[in-house]
Amino acid sequence: MSETLLSIKGLKKSFGKLEVLKGLTTDIRKGEVVVMIGPSGGGKSTFLRCMNLLEQPTEGSIVFDGIDIVSADEAVKNRVRSEMGMVFQHFNLFPHLTVLDNIRLAPRLVRGHSHYATARQALELLDRVGLADKAKAYPQQLSGGQKQRVAIVRSLAMEPKVMLFDEPTSALDPEMVGEVLDVMKDLAKNGMTMVAVTHEMRFARDVASRVLFLEGGRIAAEGTPAEIFDRKHDGRLGEFLGKVHVGMGFRDKVKSELLDILEDREVSEEELARLKELLGGASRQSDGFSNPTKRRTTQ
């Protein structure tokens, strides 16, 4: 069994009279990929932000690499934060710096690495995520998915012992989600310890070594992806997964129906009506959704 990197016991967090975290306890082991799922407002992001003390816990302990960082002095807290990479929903890149300089900044200022060493490292990391040609670009010249990949690289440049992801795809257009998840999958494959908050259930199923279900400020359930997603559950977890599975099932049904229709050379009015019914309001809102058979006959 691998060594424990992060040990959290009895963690509580309140904002005024509102208790958001209610005594959470868990261990994160080296090389483990822990994914947190659950309804909005369950405490997932607050829990993640407490791990590197972006939020100061009200009670409990967080032992990172043998040090209780909750009770540590500021110098120790800052050192520990430099060993925890953090990727947010929004990219938080400096708009006046190039991609290269965004990545090089922290290693130079915090680690004291040289100009040459940080430039070489940044270019190697950018190449790893398919963005070597964007080194001299500015953030406003990038797509959302590219910005998030740069944000991941910026964290990796500090050579962290663990990466924390707070819904890294939630601010992205759907077609850009895959490129960010691919980078995260690559990190997991290469042994990076990761803790991620996400609503991407397929990512949680495919990549996680352990899944935590948070609800009402508590870890209501935890287990392997198979234990969480493939078994029948009662209570709040069952209700939550039921909604998730319905959504996934709907998409699969649409895909299946589309494939059946598009196999034919000719598309009948009945099949087109069935497709419109499946797509619901989306097809009704598009005035350009006409019969493709009619378009072909005019060509």
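The values are calculated or read from the model by the stated rules, or taken from the named source; none is laboratory data. What you see is a predicted model, and the numbers here were worked out from it, not measured in a lab. Glycine gets a Cβ as well: all are built from the backbone with ideal geometry, and neighbour counts include every protein chain shown. Side chains included, ligands, DNA and RNA excluded: accessible areas come from the protein's heavy atoms. Shrake-Rupley method; radii C 1.70, N 1.55, O 1.52, S 1.80 Å.
Can you tell me which residue within the stretch 2-15, out of those that are at pLDDT 95 or above and not hydrophobic (A, V, I, L, M, F, W, C), is farthest from ASN190 (Cα to Cα)?
SER14
Hey, among the residues in the stretch 57-77 that are open to solvent by 70 Å² or more (accessible area, probe 1.4 Å) and hydroxyl-bearing (Ser, Thr, Tyr), which one's nearest to the chain's Cα centre (by Cα)?
So the residue we want is THR58.
Exactly one of these conditions fails for VAL20: (1) open to solvent by 10 Å² or more (accessible area, probe 1.4 Å); (2) over 15 Å from LEU164 (Cβ atoms); (3) not in a strand (DSSP E or B). Give me its number.
Condition not satisfied by VAL20: (3).
Pairs, please: C-beta under 9 Å, at least 6 apart or cross-chain, first residue in contact (Cβ under 8 Å) with a residue 40 or more places away in the chain and in the stretch 65-80, second open to solvent by less than 90 Å² (accessible area, probe 1.4 Å) and β-branched (Val, Ile, Thr)?
From residues that are in contact (Cβ under 8 Å) with a residue 40 or more places away in the chain, the pairs are ASP65/VAL80.
Rundown of residues vs (1) open to solvent by 60 Å² or more (accessible area, probe 1.4 Å); (2) modelled with pLDDT under 95, yes/no style:
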{"position": "LEU109", "(1), (2)": "yes, yes"}
{"position": "TYR116", "(1), (2)": "yes, yes"}
{"position": "ARG128", "(1), (2)": "yes, yes"}
{"position": "TYR138", "(1), (2)": "yes, no"}
{"position": "GLY144", "(1), (2)": "no, yes"}
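Kindly establish whether PRO57 is under 23 Å from GLU239 (Cα atoms), assigned to a loop (DSSP other than H, G, I, E, B) and either at pLDDT 90 or above or not β-branched (Val, Ile, Thr) (or both).
Judged against the criteria, PRO57 is not a match.
Being part of a loop (DSSP other than H, G, I, E, B), in contact with a strand residue (DSSP E or B) (Cβ under 8 Å, 6 or more places away or on another chain) and open to solvent by 40 Å² or more (accessible area, probe 1.4 Å) is the filter here, so list the residues in the stretch 27-54 that pass it.
LYS30, LEU54
Among the residues of the stretch 69-93, which ones are closer than 21 Å to VAL20 by Cβ and touching a Ser or Thr at 6+ places or on another chain (Cβ under 8 Å)?
Within the stretch 69-93, VAL70, SER71, MET86, GLN89 qualify.
I want to confirm something. Restricting to the stretch 173-220 and keeping residues that are among the β-branched types (Val, Ile, Thr) and in a strand (DSSP E or B), which single residue is nearest to LEU5 (Cα to Cα)? Before you say what the answer is, go through the steps one by one.
The initial filter retains those residues of the stretch 173-220 that are among the β-branched types (Val, Ile, Thr), namely 177, 180, 183, 193, 195, 197-198, 207, 211, 219.
Keeping just the survivors that are in a strand (DSSP E or B) gives 195, 197, 211, 219.
On the way: VAL195: 12, VAL197: 18, VAL211: 17, ILE219: 19 Å.
Only one residue fits best here, namely VAL195.
Just one of the numbered conditions (1) at positive phi; (2) modelled with pLDDT of 95 or more is not true of LYS22; which one?
With (1) at positive phi; (2) modelled with pLDDT of 95 or more applied to LYS22, the lone miss is (1).
For residues that are closer than 25 Å to VAL63 by Cα, charged (D, E, K, R) and either open to solvent by less than 10 Å² (accessible area, probe 1.4 Å) or within 14 Å of the chain's Cα centre (by Cα) (or both), tally how many sit in the stretch 146-177.
2
List every residue pair whose Cβ atoms sit under 7 Å apart, with the two residues 6 or more apart in sequence or on different chains, where the first one lies in the stretch 185-212 and is at pLDDT 90 or above and the second, anywhere, is open to solvent by 60 Å² or more (accessible area, probe 1.4 Å) and not β-branched (Val, Ile, Thr).
The qualifying pairs are THR193/LYS30; THR193/LYS161; VAL207/LYS185; ARG210/GLU222; VAL211/GLU222; LEU212/GLU222.
Every residue in the stretch 197-241 that is aliphatic (A, V, I, L, M), open to solvent by less than 10 Å² (accessible area, probe 1.4 Å) and farther than 23 Å from GLY10 by Cβ, please.
If the condition is that a residue be aliphatic (A, V, I, L, M), open to solvent by less than 10 Å² (accessible area, probe 1.4 Å) and farther than 23 Å from GLY10 by Cβ, then ALA204, ILE228, LEU241 are the ones that fit.
Which residue, of VAL80, VAL87, VAL99, is of a type in the set (A, V, I, L, M), under 22 Å from ARG210 (Cα atoms) and within 25 Å of the chain's Cα centre (by Cα)?
None of the others qualify; the one that does is VAL87.
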